[in-house]
Amino acid sequence: MLITNIGKLVGIQPEGVLRVEGEAQGRTGVLENAWLRIEDGRIVDFGSMPSVILSGSEESIDAQGGMVMPGFCDSHTHVVYAGSRDGEFLDKINGLSYEEIAARGGGILNSADLLHRTSEEALYRQSLVRVQEMMDKGTVAMEIKSGYGLNPADELKMLRVIRRIRETVPAAVKSTFLGAHAVGRGYTHEAYVQAVIDMLPEAEKWADFVDVFCDEGFFTVEDTERILGATSLTPKIHANELAVSGGVQVGVKMGSLSVDHLERTTDVEISALKGSRTMPTMLPGSSFFLGLPYGRAKDFLKAGLGVALASDYNPGSSPCGDMRFVMAQGCIKMRLTPVEAFNAVTLNSAYAMGLSKEYGSITVGKRAALILTQAGWDLTKMAYQYQTPFIRQVIL
Ligand code: NIG
Ligand code: FE
């Protein structure tokens, strides 16, 4: 397949660039008036329109001046869940905090009760609607976590549903075992941490990563270290959403691919991340929805680190999987430039789920998982006019 008359081909990176950090996050390759060729689902070549060689037998798309960019990569979601938490939305409007809602038996435990009562088939169908919505909005690769089961049978039910979604949809799907999301009903804290450790051998058969909600009122640094130390799965952890939790340091120490949330960080966390493989990942959708501070993305970049942004799509803190809105918040609320925010929702987010060899940029050999926009769009306009429909086609 050949795409011609591309107004702007955006997100070009040389082969082998798996993440961009510091000043490099503010740069991306752009080719104006371009073409791009796809074979067997991969990018095989691209160039400037005057150099295009048309072959009669090839399917072709006239981009009519639209922008072509790599599709969004969403490295942190909880889109497999049952039912809704709209009742808590009203509690929240009436002034209760996330912690207060959780303390009253709402929050994650409410979702676990709903999931327990929902059949595996219904859970799959409800979740697939959200995954389809994400793909329609341009997401081509996503991570999905368990963590609303909170007992061995229901955690496994979630992991099977994630596997089934991975087998059904054209987007790439990575799976994360988040047994340690909250203490399951009927367990003491200690007994539940041990139960999570006991679930790990089975989880290793289903999941790519392991996650722990290392935060005030949930799991401690010691719990996190015990759980991560008991598995061969690579960690990606929740840290520093509700408090300066020590989660970043333990994440770096245990070789996490990413530490996520980071609404509350000091310079100590920034220093701890330097020189590590760990991608700091911020979730502006939950800052927006819960009224939390936005992550200090700009300070991380100034320190030479890269930053990824993801949606955190979930029923309690971010009921939205729109990565274009995430990118816009990166610009509006975190003062990232459009290019910095773009790299955060594509290449760096692909890195944060181990997919940046295949996704996240326009690079020969990578998957042709692309967004083709209407004519006249560029990265700045995407973030600035953040609600105007801009996608003409998602190529997956
Ligand atoms: O990433 N912070 C922990 N977990 C989710 C929220 C889960 C929920 O409230 O259902 C998050 O924000
Ligand atoms: Fe989350």
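Overall, the chain carries a charge dipole of about 560 debye about its Cα centre when +1 sits on the Cβ of Lys and Arg and -1 on the Cβ of Asp and Glu, all other atoms neutral. A straight Cα-to-Cα reach below 19 Å connects Lys366 with the aspartates and glutamates Glu15, Glu39, Asp40, Asp45, Asp74, Glu143, Glu358, residues fewer than 8 places away in its own chain not being considered. Estimated from the Cβ-Cβ distance and a Förster radius of 41 angstrom, the FRET efficiency linking Asp113 and Leu18 is about 0.50. Counted by Cβ distance under 10 Å from Ser349, the other residues give a net charge of -1, where Lys and Arg count +1 and Asp and Glu count -1.
Distant-in-sequence amide contacts of Met279, defined by a placed amide H-H separation under 5 Å and a gap of 5 or more residues or a different chain, comprise Ser258, Val259.
Straight-line reach from Lys157: taking Cα to Cα under 20 Å and skipping same-chain neighbours fewer than 8 places apart, the lysines in range are Lys145, Lys174, Lys205.
With all projection directions averaged, the alpha carbon convex hull of the chain covers 18.2 nm². The order of the peptides 308-316, 234-242, 282-290 by mean Cβ neighbours within 10 Å, most packed first, is 308-316, 234-242, 282-290. Across region 181-224, the residues whose backbone nitrogen lies under 20 Å from the label position 7 Å along the beta-carbon direction of Glu100 are 216-218. Rounded to the nearest whole Hz, the Karplus-based 3J(HN,Hα) values (6.51 cos²θ - 1.76 cosθ + 1.60, θ = phi - 60°) of region 280-294 follow the sequence x, 10, 10, 10, x, x, 7, 4, 4, 6, 9, x, 8, x, 7, with x at glycine and proline. Along the charge dipole of the chain, pointing to its positive end and built from +1/-1 on Cβ of Lys, Arg, Asp and Glu, which listed residue (Ala243, Gln64, Thr176) has its Cα farthest out? Most positive-ward Cα: Gln64. Based on Cα contacts under 8 Å between residues 6+ apart, region 1-147 shows a relative contact order of 28 percent. For the peptides 382-392, 189-199, the ranking by packing is 189-199, 382-392, with the highest mean count of neighbouring Cβ atoms within 10 Å listed first.
At full extension, Val169 and Lys381 could sit 73.4 nm farther apart than now, given 0.36 nm per residue minus the alpha carbon distance. Net length available on complete extension from Ala303 to Asp40 is 90.7 nm, with 0.36 nm assigned per residue and the Cα-Cα distance removed.
Taking every DSSP beta bridge with both residues inside the chain, roughly what % is antiparallel (nearest 5)? Restricted to the chain, the bridges split so that about 40 percent are antiparallel.
Taken together, the values in this text are just the output of simple stated rules run on the coordinates, not laboratory data. What you are looking at is a predicted structure, and each value in this text was computed from that prediction instead of being measured. Note that each Cβ is placed from the backbone with ideal geometry, even for glycine, and that neighbours are counted across all protein chains shown.
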